[in-house]
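Input: a single structure, listed below in structure tokens.
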Amino acid sequence: MFDLLVDVHQLTESTVNGEPQDSEGPVPLYSGLLASFVRLSGTTRYTAAATGVGVTHRMAIEAKPDITERCRIRNVRTREGTSLSAQPDHYDVRYVSQGRRGHHLELDLEAILP
């Protein structure tokens, strides 16, 4: 099922003048996690406040407890280490949900171009 490897980075938050603010860059969280793109039904997900967020991809990934919406997916490659063509700079994770039987996570992603 998992035919790709990805690196997961997490955004870190600090406080500036009492206001939360993202730090300079994302911190590496996991390297070489097994992943696979899965079929995406629809391109907009809605929050409880009816705010729509456009998503471009859906990915299944190994179940890890600290992968949240504050993560980024980078360096998508095959299991042999070959990079995939036509990949964006990174993917922002918009929604995280448990897969069936809890063996993997399903991530709704938004592609971010450089």
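The values are calculated or read from the model by the stated rules, or taken from the named source; none is laboratory data. Quantities reported herein were computed from a predicted structural model and do not represent experimental measurements. Neighbour counts are summed over all protein chains in view; Cβ atoms, including those assigned to glycine, are modelled from backbone coordinates with ideal geometry.
Some points to look at:
- Of the set (1) modelled with pLDDT of 90 or more; (2) more than 12 Å from the chain's Cα centre (by Cα); (3) among the charged types (D, E, K, R); (4) assigned to a strand (DSSP E or B), all apply to R74 but (2).
- The residue that is modelled with the lowest pLDDT, among those in the range 44-62 that are out of contact with any Lys or Arg (no Cβ under 9 Å at 6 or more places or on another chain) and surrounded by 13 or more Cβ atoms within 10 Å (Cβ to Cβ), is T56.
- If you go through the range 77-89 and keep only what is touching a residue at least 24 places away in the same chain (Cβ under 8 Å) and surrounded by 11 or more Cβ atoms within 10 Å (Cβ to Cβ), you end up with R77, T78, R79, L84, P88.
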